[in-house]
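First up is the structure itself, then whatever we jot down about it.
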Amino acid sequence: LTEQQALEALTTAPARLMRADDMLGSLQPGRVANFLITSGNLFAADNVIYENWIRGKQYVVNNRNLPDLR
């Protein structure tokens, strides 16, 4: 499974299966804004999820402005 295929399996494929791909599954004008903001490649072992946006509302998971103390 490539990263592109995995990303599609998490986004556009479920939207298409639910017959909601006109509203979900990708970021386009007029669609529901569900997305993540991360430190880099979503599939990288050291990736950090900073924000999870659901229906256009921001949810901070890890504050980007705090130093990483690892």
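The values are calculated or read from the model by the stated rules, or taken from the named source; none is laboratory data. Quick caveat: nothing in here was measured; it's all calculated off a predicted structure. Note that we place each Cβ from the backbone using ideal geometry, even for glycine, and neighbour counts take in every protein chain shown. Please note that ligands, DNA and RNA were not included when accessible areas were found on the heavy atoms of the full protein model with its side chains. Shrake-Rupley method; radii C 1.70, N 1.55, O 1.52, S 1.80 Å.
Assorted remarks:
- Label separation (MET18 vs ILE54): 1.2 nm, computed from points 7 Å beyond Cα along the C-beta direction.
- GLU8 contributes an accessible area of around 80 Å² to the protein surface, as traced by a 1.4 Å probe with all chains present.
- Note on SER39/ALA6: beta-carbon distance plugged into 1/(1 + (r/R0)^6) with R0 of 22 Å gives a FRET efficiency of 0.75.
- For the chain, taking the reciprocal of the average inverse distance between every pair of different Cα atoms yields a Kirkwood hydrodynamic radius of 13.5 Å.
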